[in-house]
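What follows is a short report on a single structure.
The values are calculated or read from the model by the stated rules, or taken from the named source; none is laboratory data. Please read these numbers as outputs of a predicted model, since none were measured by experiment. Neighbour counts are summed over all protein chains in view; Cβ atoms, including those assigned to glycine, are modelled from backbone coordinates with ideal geometry. SASA here: full protein model, heavy atoms, side chains in, ligands and nucleic acids out. Shrake-Rupley method; radii C 1.70, N 1.55, O 1.52, S 1.80 Å.
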Amino acid sequence: MTPVVRRLILLRHGQTEYNATGRMQGQLDTDLSELGVRQAASAAVTLAARAPRMIISSDLRRAYDTAVALADACGGVVTTDRRLRETHLGEWQGLSHTEVDGRMPGARSTWRDDATWRPPGGESRVDVADRSTPLVAELVARIAGWGSGPDADNPVVLVAHGGVIAAMTASLLGLPVDSWPVFGGLANTSWVQLSGHGETPTWRLDVWNASAADADAAVQ
């Protein structure tokens, strides 16, 4: 019997003006910048070639518009799930990195290094994983034939945000919480691929921070 291997791609949205100017977005509903629109189109061409079997997006515009670019390129449709929203950053949302550092010196370093730490009024990475990873278990239960048959390598694509993608990846891999900060930043419209092995999947990391530029270089 051919083993079941489910491919899961977690795609970060394109650039926003907040990204470009070093501001904390969290769950603020910001738009893609002109560069972000181009990034989304480029990633869409590369990932459309993988023939995604399903595309699910955060309901925040920057992720949804990135997902729609992919759906347009592959003839798919986008559904949304608010559990894929970025980390709520509480009092930090809308502030620049410099402003946060001025108000709470050293706090951003603590936040990066401790997955259980919450910004004032916000979520920790553990909180984010607790709300987002159940979606993957639901998809495993619901999608017939995912990871088997002639289209076994066709991935499910979740379009989300850097913080939620890092939290989901660490949680799905079963890493100890004190090791979660091992995952660094994810570039705009870069993605993670995980493979779930077995009927009740054990998840393994295939790629981290892959991009359309990487894929283009690989075929030259």
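What to note about this one:
- Taking 15 Å as the cut-off, the amide N atoms of the stretch 164-206 that come nearer than this to a point 7 Å along the Cα-to-beta-carbon line of Asp130 belong to 168, 171, 177.
- Fraction of accessible area attributable to carbon and sulfur, the stretch 1-61 (%, probe 1.4 Å): 54
- Cut-off under 5 Å, modelled amide H: who pairs with Gly14 long-range: Thr66, Thr189
- Taking amide H as placed 1.01 Å from N in the peptide plane, Leu95 has its amide H under 5 Å from the amide H of Met24, each at least 5 places away in sequence or on another chain.
- Placing +1 on the Cβ of every Lys and Arg and -1 on the Cβ of every Asp and Glu, with nothing else charged, gives the chain a dipole about its Cα centre of roughly 220 debye.
- Difference of contour (0.36 nm per residue) and Cα-Cα distance, Ser148 to Asp113: 8.8 nm
- Chain lengthening between Val37 and Ala187 when straightened (0.36 nm per residue, less Cα-Cα): 52.6 nm
- In nm, spacing of pseudo-spin labels at Leu28 and Glu99 (7 Å Cα→C-beta vector): 0.6
- Across the stretch 117-124, rounded Karplus estimates of 3J(HN,Hα) from the backbone phi angles (6.51 cos²θ - 1.76 cosθ + 1.60, θ = phi - 60°) give 8, 10, x, x, x, x, 10, 8 Hz, Gly and Pro being marked x.
- Percentage relative contact order, the chain, counting C-alpha pairs under 8 Å, at least six apart: 32
- Total charge dipole magnitude, the stretch 3-112, about the Cα centre, Cβ charges on Lys, Arg, Asp, Glu only, Debye to nearest 20: 560
- Peptide packing: for 193-201, 100-108, 159-167, 124-132, the average count of neighbouring Cβ atoms within 10 Å per residue gives the ranking 159-167, 124-132, 193-201, 100-108, highest mean first.
- When the chain is described by a simple charge dipole with +1 on each Lys and Arg Cβ and -1 on each Asp and Glu Cβ, the residue from Pro105, Val128, Leu172 located farthest towards its positive end is Leu172.
- 1.4 Å probe accessible area per residue over the stretch 20-133, in Å²: 47
- Helices meeting the span-like rule in the chain (full DSSP H runs, Cα extent of at least 18 Å along the helix axis, mean Kyte-Doolittle score of 0.5 or higher): 34-48.
- Calculated mean residue ellipticity, 222 nm, the chain: -10500 deg cm²/dmol, from DSSP H runs (n ≥ 4) at -39500 (n - 2.57) each, averaged per residue and rounded to 500.
- Residue with peak Gaussian network fluctuation, the chain [Cα springs, cutoff 10 Å], from Ser179, Ser57, Ser42: Ser179
- When the surface is traced with a 1.4 Å probe over the full set of protein chains, Thr16 keeps roughly 0 Å² accessible.
- The DSSP beta bridges internal to the chain are antiparallel in roughly 55% of cases.
- Cα gyration tensor shape for the stretch 1-137, rounded if a/c is under 1.5, else prolate or oblate: oblate
- With θ taken as phi - 60° and the Karplus curve 6.51 cos²θ - 1.76 cosθ + 1.60 applied, the whole-hertz 3J(HN,Hα) list for the stretch 190-200 is 8, 9, 10, 10, 10, 10, x, 9, x, 4, 9 Hz, x standing for glycine and proline.
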